[in-house]
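Okay, structure first, notes after.
The values are calculated or read from the model by the stated rules, or taken from the named source; none is laboratory data. These figures come from a predicted structure and were not determined experimentally. Don't worry about glycine lacking a Cβ; one is built from the backbone with ideal geometry, like all the others, and counts go over all protein chains shown. The protein model used for the area step is the full one, side chains on, heavy atoms only, and it has no ligands, DNA or RNA in it. Shrake-Rupley method; radii C 1.70, N 1.55, O 1.52, S 1.80 Å.
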Amino acid sequence: MSDLRYQTVAARQTEIPRPRRGEGQWGLGYTEPLNKNEQSKKDDDPLNVRDRILYTYSKRGFDSIDPSDLRGRFRWMGLYTQRKPGIDGGRTGSMAEEELDDRFFMMRVRSDGQLLSADAVRALGTIGVDFARDTADVTDRENIQYHWIRIEDVPAIWQRLEDAGLSTLEACGDSPRPFLGSPVAGVAADEIIDGTSALEEIKRRYIGDPAFSNLPRKFKTALTGHPSHDVSPETNDVSFVGTVHPEHGPGFDVWVGGGLSTNPMLAQKLGVWVPLEKVPDVWSGVASIFRDYGYRRLRSRARLKFLVADWGVDTFREVLENEYLGEPLVRLESPESPVGHRDHVGVHDQQDGRKYVGVAPVVGRVSGTLLVQLADVIDEFGLDGARLTPYQKIVLLGADPERVEALVERLDEIGLSARPSVFRRSSMACTGIEFCKLAIVDTKNRTRDLIAELERRFPDLTTEQMGGGFSINVNGCPNACARTQVASIGLKGQLVTHEGRQVEGFQVHLGGATGLQANFGRKLRGHKVTSEGLDDYVSAVVTNFLGDRSEGETFTDWVARADEWQLDGSAVLEGQGS
């Protein structure tokens, strides 16, 4: 390890809490790799795999790929092997990774809150059409995700992305994953501060920097200057959240240690004020703490949230200030958390008198063809461009108020609704068993069908009737890529026993939320729902809520007080059928 990388640690000013046993913390001298992942990264910086892809693997084909690159370092280039078709969920945990591997790749393209021009959207679309069997998904990390990618085509895809100002670099791996930025940065009429320049600078300085290419595990970043906190700051490793100091003006608070998966934790707030120009330095400090003191022994504990939980927020802030920034941060009470939608779906005012329009693909599933059509719409209506959202939605910026209704109609024609049903608006789903090697159940298709059935059963239901923010998030395994624990109805895929046989089903989380009501939802003891019975189950819960809620009550509040029979789908309130 480089002496330069650790010179801040050498001048230690803070007493660092020491674990009872070595956890692979570099800053405490535990530098020997303790598992195969750490050994692989020590053997060769994963960033070096780019040249092998360009000059060896893409020319010699799939069979030439070294296994340690294929199932390890390729992730730093945004590439995972996808699941071989025909392997059911009951075999997910019992098969070796190489048995699950198909000869095709999933590829993630990072956007990092970037405003995508018509040309960039068209490039993303043509990649889907030409190289990915017309696939393209909008993910909840503001990525575009493809499937069926051949290793032979990767150089041509990368060139097309580079020409459009985009990249797959460190879209996966133990690295700074794609950033979440406010989809309405710089345009929203109610924005506190535009953080676009800070995200651009973090990306310029640190993405592809070997100093941050070997982190203990993934490192997720979010930044927003919008009062709706529209980047799920509670669930990221580091988040910068717009706030206003009475003397210094607009800036950012810093939240650290959020994350979900099997040990969910909400981010803790440092209670500080950071000016826009200092955000990249603070980001570097937080990422460096993770690199130097993060737990590397067990992958299950190799996330920043465990370090923050063990140290406490005061010690974390002190280490950040003393060892990495060299100065104290300005103290300021953290901004209040909002209630309500964060997705920007619909038509909204911009600062400059124009409009922005948020549209809802069904669970983020689009296609290369649809993206090409969207690029044509951007050109046709003279829009500034599009941004992706952390809720699998798309926001179009710079609409002429006199043409906005025509724009909404045109978007509807290509399958992008600016006025979707409450269910289409609020649902997310991860990749699921169709392509993901970790998944146990189908998610995208099942959620699409669930939405269609709920729309049929509740054709006139409004967001207001559902108590404001309402969401259905569906995940194919326990890893919570679709943020199941903070959804109104979160569905975690698993196999369940039904009539003596194992079938696809879900564990249910109810009443989860972010913002002012942030919590991980209520689980009913032993309660599981089959995939086949999902339509009836969700309908029963919605019906019971509609029949029992008091005026102004949110779904989250109702779940906290509801009787178990109202939540487990075993009965429906009389007179409230759909």
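Numbers at a glance
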item	result
Pairs, first in contact (Cβ under 8 Å) with a residue 60 or more places away in the chain in segment 158-169, second open to solvent by 50 Å² or more (accessible area, probe 1.4 Å) and of a type in the set (Lys, Arg), C-beta under 6 Å, six or more apart	none
Top-ranked residue in segment 352-381 [being charged (D, E, K, R) and touching a strand residue (DSSP E or B) at 6+ places or on another chain (Cβ under 7 Å); ranked as surrounded by the fewest Cβ atoms within 10 Å (Cβ to Cβ)]	ARG354
Which numbered condition VAL339 misses (of (1) closer than 27 Å to PHE252 by Cα; (2) open to solvent by less than 40 Å² (accessible area, probe 1.4 Å); (3) outside any strand (DSSP E or B))	(2)
Among residues of segment 159-193, those that are farther than 18 Å from ALA118 by Cα, hydrophobic (A, V, I, L, M, F, W, C) and outside any loop (DSSP other than H, G, I, E, B), counted	2
Condition broken by GLU453, with the remaining ones in (1) touching a helix residue (DSSP H, G or I) at 6+ places or on another chain (Cβ under 6 Å); (2) open to solvent by 60 Å² or more (accessible area, probe 1.4 Å); (3) among the acidic types (Asp, Glu) satisfied	(2)
Residue in segment 116-123 that is within 22 Å of the chain's Cα centre (by Cα) and part of a helix (DSSP H, G or I) present	yes
Some residue of segment 82-96 being crowded, with 21+ Cβ neighbours inside 10 Å, out of contact with any Pro (no Cβ under 8 Å at 6 or more places or on another chain) and closer than 25 Å to THR369 by Cβ	yes
Given (1) touching a Leu at 6+ places or on another chain (Cβ under 9 Å); (2) in contact (Cβ under 8 Å) with a residue 40 or more places away in the chain, index of the condition GLU380 fails	(2)
Any hit, segment 94-108, residues being under 30 Å from GLY398 (Cα atoms), in contact (Cβ under 8 Å) with a residue 24 or more places away in the chain and within 19 Å of the chain's Cα centre (by Cα)	yes
Matching entry among SER68, SER58, SER117, SER64 (being touching an Asp or Glu at 6+ places or on another chain (Cβ under 6 Å) and either of a type in the set (S, T, N, Q) or open to solvent by 20 Å² or more (accessible area, probe 1.4 Å) (or both))	SER58
Selection count, segment 266-278, where residues are in contact with a Gly (Cβ under 6 Å, 6 or more places away or on another chain) and open to solvent by 50 Å² or more (accessible area, probe 1.4 Å)	2
Matching residues in segment 90-108 - criterion: being within 16 Å of ALA439 (Cβ to Cβ) and in a loop (DSSP other than H, G, I, E, B)	THR92, GLY93, SER94, MET95
Count of segment 474-503 residues which are part of a loop (DSSP other than H, G, I, E, B), touching a Cys at 6+ places or on another chain (Cβ under 6 Å) and open to solvent by less than 10 Å² (accessible area, probe 1.4 Å)	2
Pairs, first without any contact (Cβ under 8 Å) to a residue 24 or more places away in the chain and farther than 10 Å from ILE433 by Cβ in segment 75-89, second part of a helix (DSSP H, G or I) and open to solvent by 10 Å² or more (accessible area, probe 1.4 Å), C-beta under 9 Å, six or more apart	LYS84/GLU99
Out of ASP281, ASP253, sole residue that is of a type in the set (Asp, Glu), within 23 Å of HIS226 (Cα to Cα) and touching a Pro at 6+ places or on another chain (Cβ under 7 Å)	ASP253
Enumeration of residues in segment 125-163 that are small (Gly, Ala, Ser) and surrounded by fewer than 20 Cβ atoms within 10 Å (Cβ to Cβ)	ALA156
Long-range neighbours under 8 Å by Cβ, at least six apart or interchain, first residue under 19 Å from GLU234 (Cβ atoms) and part of a strand (DSSP E or B) within segment 512-534, second open to solvent by 40 Å² or more (accessible area, probe 1.4 Å) and modelled with pLDDT of 90 or more	ARG522/ALA560
Set ASP190, ASP209, ASP230: member being farther than 21 Å from ILE289 by Cβ, open to solvent by 30 Å² or more (accessible area, probe 1.4 Å) and of a type outside the set (Lys, Arg)	ASP190
So ASP112, is it buried (at least 21 other Cβ atoms within 10 Å of the Cβ) and under 30 Å from GLY186 (Cα atoms)	yes
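Listed here are the residues, each with its yes/no results for (1) open to solvent by less than 30 Å² (accessible area, probe 1.4 Å); (2) of a type in the set (Ser, Thr, Tyr); (3) under 16 Å from the mean Cα position of the chain (by Cα).
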position: ILE202; (1), (2), (3): yes, no, no
position: PHE219; (1), (2), (3): yes, no, yes
position: GLY225; (1), (2), (3): yes, no, no
position: GLU247; (1), (2), (3): no, no, no
position: PRO280; (1), (2), (3): yes, no, no
